[in-house]
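Here's the structure we're looking at; comments come further down.
The values are calculated or read from the model by the stated rules, or taken from the named source; none is laboratory data. Worth saying up front: this structure is predicted, and the values here are computed from it rather than measured. A quick note on method: Cβ atoms are made from the backbone with ideal geometry, for glycine too, and the neighbour counts reach across all protein chains shown. To get the accessible areas, we keep the full protein, side chains included, count just its heavy atoms, and leave off ligands, DNA and RNA. Shrake-Rupley method; radii C 1.70, N 1.55, O 1.52, S 1.80 Å.
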Amino acid sequence: RDSVPDRLLVRLTELRLLASTRFDEPRALQLAQESDWVMTIHGCSGKDATILVGGLHTPLVCRIRDSLSSAGFRVDTRSGLQGLNPQNLCNLGRSAGGVQLELSSGLRRAMFLNLTRSGRRLTTAIFSRFVAVLTSTLPC
């Protein structure tokens with residue numbers, strides 16, 4: 001968090017229905033282009049606690065999908081939310097492939113006290129498990 005200006009974080013959290021292929025914040029685009037690969041996390045509709053996993057970095061997508069599934073998360077894909085467009089923010093890194101995660105509203109409700117700004121500061125064990133899986137799976 002320290003490497004991303006608070007103003008940018010506020011802007012990112014206030015965006016609504018901005019397609020990842022139309023994202024144009026200059027500093028974020030520069031950061032993406034200077035990175036080997038990019039992972040974006042979005043919210044999608046759905047009452048079930050589901051994570052949609054996509055992107056053009058196929059080996060990493062498969063590794064994350066398998067790790068999340070093994071940890072008990074429901075993993076799926078949905079047409080239109082697969083992160084397959086080369087202009088998608090997740091695919092703008094040097095490898096031209098990244099990962100896009102879409103967290104269903106059902107999963108987000110299970111991860112936080114509630115989905116208000118203050119409620120999202122209070123996380124649950126499900127959120128901690130999600131973060132632990134990604135931390136142990138990502139090639140950082």
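Here are the numbers:
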item: Stretch gain in nm, segment residue 109-residue 58, where the contour uses 0.36 nm per residue and the Cα spacing is subtracted; result: 15.5 nm
item: Relative contact order (percent, whole number), the chain, Cα cutoff 8 Å, 6+ residue spacing; result: 30
item: Cα lying deepest toward the dipole's positive end in region 41-128, options 82, 61, 46, charges on Cβ; result: 46
item: GNM top mover of 20, 67, 45 - the chain, alpha-carbon springs below 10 Å; result: 45
item: Per-residue ³J(HN,Hα) for region 112-123, Karplus 6.51 cos²θ - 1.76 cosθ + 1.60, θ = phi - 60°, Hz, x for Gly and Pro; result: 10, 3, 7, 9, 6, 4, 6, x, 6, 7, 10, 9
item: Interchain or long-range residues, amide H under 5 Å from residue 41's placed H; result: 101
item: Summed side-chain charge close to residue 64 - residues other than residue 64 whose Cβ falls under 15 Å, Lys, Arg +1, Asp, Glu -1; result: +1
item: Region 59-110, dipole about Cα centre (Lys/Arg Cβ +1, Asp/Glu Cβ -1), debye to the nearest 20; result: 100
item: Cα gyration tensor category, rounded, prolate or oblate, for region 7-138 with a/c compared to 1.5; result: oblate
item: DSSP-defined antiparallel bridges as percent of all bridges, the chain, nearest 5; result: 35
item: From phi via Karplus (6.51, -1.76, 1.60), per-residue ³J(HN,Hα) for region 80-97 in Hz, x at Gly/Pro; result: x, 10, 9, x, 9, 6, x, 8, 5, 3, 5, 9, 9, x, 4, 7, 6, x
item: Selection from 114, 20, 127 lying farthest towards where the dipole of the chain points positive, charges on Cβ; result: 114
item: Fraction of accessible area attributable to carbon and sulfur, the chain (%, probe 1.4 Å); result: 53
item: Total charge dipole magnitude, the chain, about the Cα centre, Cβ charges on Lys, Arg, Asp, Glu only, Debye to nearest 20; result: 440
item: Gaussian network model of the chain, Cα within-10 Å springs - most flexible of 86, 59, 26; result: 26
item: Top of 27, 63, 117 by mean-square fluctuation, Gaussian network on the chain, Cα under 10 Å; result: 117
item: CD proxy at 222 nm, helix term only [per DSSP H run n ≥ 4: -39500 (n - 2.57); per residue of the chain; nearest 500]; result: -10500 deg cm²/dmol
